[in-house]
1. Can you name the condition, by its number, that B:LYS296 falls short on among (1) modelled with pLDDT of 85 or more; (2) open to solvent by less than 10 Å² (accessible area, probe 1.4 Å); (3) not aromatic (Phe, Trp, Tyr)?
2. I'd like the full set of residues that are under 30 Å from the mean Cα position of the chain (by Cα) and not aliphatic (A, V, I, L, M), limited to segment B:32-51.
3. For the structure I just gave you, tell me whether A:LYS112 is assigned to a helix (DSSP H, G or I), more than 16 Å from ligand 1 (Cβ to nearest atom), among the basic types (Lys, Arg) and under 21 Å from A:CYS33 (Cα atoms).
4. What is the number of the single condition among (1) touching a residue at least 24 places away in the same chain (Cβ under 8 Å); (2) over 21 Å from the mean Cα position of the chain (by Cα); (3) assigned by TED's automatic domain parsing to the domain that holds B:SER387 that B:GLY315 does not meet?
5. Hey, among A:ILE51, A:ILE62, which residue is more than 22 Å from B:GLY300 (Cβ to Cβ) and open to solvent by less than 60 Å² (accessible area, probe 1.4 Å)?
6. How about segment A:15-31: which of its residues are surrounded by fewer than 15 Cβ atoms within 10 Å (Cβ to Cβ) and either free of Cβ contacts under 8 Å to residues at least 24 places away in the same chain or not small (Gly, Ala, Ser) (or both)?
7. Restricting attention to segment A:86-101, which residues are touching a Ser or Thr at 6+ places or on another chain (Cβ under 6 Å) and either within 11 Å of chain B (Cβ to nearest Cβ) or within 16 Å of ligand 1 (Cβ to nearest atom) (or both)?
8. Could you tell me which numbered condition A:GLY34 fails, if it satisfies all but one of (1) within 16 Å of ligand 2 (Cβ to nearest atom); (2) open to solvent by 10 Å² or more (accessible area, probe 1.4 Å); (3) free of Cβ contacts under 8 Å to residues at least 12 places away in the same chain?
Amino acid sequence: MYSDKLIEHFRNPKNMGRMENPDGVGKAGNPVCGDVMYLYIKVKDNKIDDIKFETFGCAAAIGTSSMITEMARGKTLEEAMKISKQDVEGELGGLPPIKRHCSNLAADTLRKAIEDYLSKKKK
Amino acid sequence: MIYMDHAATTPVDERVVKAMLPYLSEKYGNPSSLYGLAQEARKAMEDARAKIAGLINAKPEEIIFTSGGTESDNLALKGVALASKKKHIITSSIEHHAVLKTCEWLEKHGFKVTYLPVDRYGLVKVEDVEKAITKDTALISIMHANNEIGTIEPVEEVGKIAEEHEIYFHTDAVQSVGKIPVDVEKMNINLLSISSHKIYGPKGVGALYIRRGTRIEALQHGGGHERKLRSGTENVSGIVGFGKAAEIARQEMLSETERLSKLRDRLIEGALKIENSWLNGHPTKRLPNNAHLCFKFIEGESLILELDFNGIAAGTGSACSSRSLEPSHVLTAIGLRPEETHGSLRFTLGRSNTDKDVEQVLSVLPGIVERFRAISPFKKDFREYESALLKEHHSSGVD
Ligand SMILES: Cc1ncc(COP(=O)(O)O)c(C=O)c1O
Ligand code: FES
């Protein structure tokens, strides 16, 4: 039911685990299924320098989490902000219909982590 | 592959396949016809009926063949409801969807249904059944053993109460028949559902036991097969296979129950060494082959997929539920919080499983659990769970 690429990210997730002293943190939960994701970023020269995630969720949630960290790393904040759930799904070669909502988590947490960084910077 | 999902389905026993084959080729007669070829098919079907009756201490004429457990449950509930002037049904909140969805349908058609709660082990309280009875109660339907957590319900006591109040009693015994003794006389059962594919028979065949004299309406009309209760040319090869499967189950049940209980206990004991894990269902009143476990902070689907990559087939619960995102109604009914229902894993053992299989599962399971816990944001408690889920969520779009 899942694409090979998703399974690859699910079995060997990239950038997983907690980050010490992140510059920004995003968290999001999926009220549909109850899954939860955290995403941590470090920012340098307006670019995502380091990124990590923690996910309590299904295989699609874990796979999309890992995927988005790979997509966001090295991007400018403006570029990263524009990564949508459709982009993540596309990169993974699609998700089964009942799992389409799972990519919400990844896109939401990335946006929130960047917003968190920007709001902290203002203070 | 190590197959440990026997509650979902079982492989067809080779002896069953052998018994079926002639009825898929040269013995193709329609049991309703009169010539020899047809009578051969009829005789094989009646042999099967007797074998299935023997497994549950019924009379052959009290067995009606159906297309499986789902149809048997539908026929029992709707058939009795439609034949009765009374409009109330009592069931439990942990029934299989074949019963629950049928009850919901009946509610839409003028019936009232009481869904009894269960305790934390999944047991229905016998007093609750008695208290729920009204003058208008047509039927009590309580499953014999639960398909997810394996709890064995006090059906004999419920049967006694039903008899005292002269109310029909149906039990869904799809998971218990062939694994533990079932005796429709001793248990005061009026109607009982069985499915062939859970006892090493073919899929798409089942039976409903209907005690003689029970008032029931047919749902499927036509040529009047199966004592006018289920029209349609019979699935002869399937029925023959089902009969053979019942015969084998009857012969092997005692020794197999003992063997599987030991494997199950070893599996449970080993798995519970993993931190933050627990057993669901009753510690002793449980099916001999069921080990239903929860692992905190991780999610069942990931576990199942990763076990699959390790050559182990296990389930999270009801096979139907793998198509839905809702937490299991059974785990919710035993009082687990939504986040706790996530990390559930069901091993159901069967004939092919050995000591070695159990040891193999126990050798890979701790590592898999640990790997997913390393990915999870929750390590010690779920304290932040609700806030992450509810307050922080902005765009909860579902598509
Ligand atoms: C308790 C119970 N009832 C009914 C059914 C449905 O049986 P079938 O698959 O034969 O329709 C099942 C099978 O999943 C079951 O476990
Ligand atoms: S099912 Fe919950 S995020 Fe996939």
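The values are calculated or read from the model by the stated rules, or taken from the named source; none is laboratory data. Computed from a predicted model, the values in this text were never measured in an experiment. Virtual Cβ from ideal backbone geometry, glycine too; neighbours counted across all protein chains shown. Surface accessibility is based on the protein's heavy atoms, side chains included, excluding ligands, DNA and RNA. Shrake-Rupley method; radii C 1.70, N 1.55, O 1.52, S 1.80 Å.
1. Just one mismatch for B:LYS296, condition (2).
2. At the first step, the residues of segment B:32-51 found to be under 30 Å from the mean Cα position of the chain (by Cα) are B:41-51.
Once the filter is applied, which keeps residues that are under 30 Å from the mean Cα position of the chain (by Cα) and not aliphatic (A, V, I, L, M), segment B:32-51 yields B:ARG42, B:LYS43, B:GLU46, B:ASP47, B:ARG49, B:LYS51.
3. Numbers: assigned to a helix (DSSP H, G or I): yes; more than 16 Å from ligand 1 (Cβ to nearest atom): yes; among the basic types (Lys, Arg): yes; under 21 Å from A:CYS33 (Cα atoms): yes.
When the stated conditions are applied, A:LYS112 passes them.
4. Every condition holds for B:GLY315 apart from (2).
5. Values: A:ILE62 fails: more than 22 Å from B:GLY300 (Cβ to Cβ).
Just one listed residue meets the conditions, A:ILE51.
6. Within segment A:15-31, the subset surrounded by fewer than 15 Cβ atoms within 10 Å (Cβ to Cβ) is A:17-18, A:20-21, A:31.
Result: A:ARG18, A:GLU20, A:ASN21, A:PRO31.
7. Across segment A:86-101, the qualifying residue is only A:GLU89.
8. Failing condition for A:GLY34: (2).
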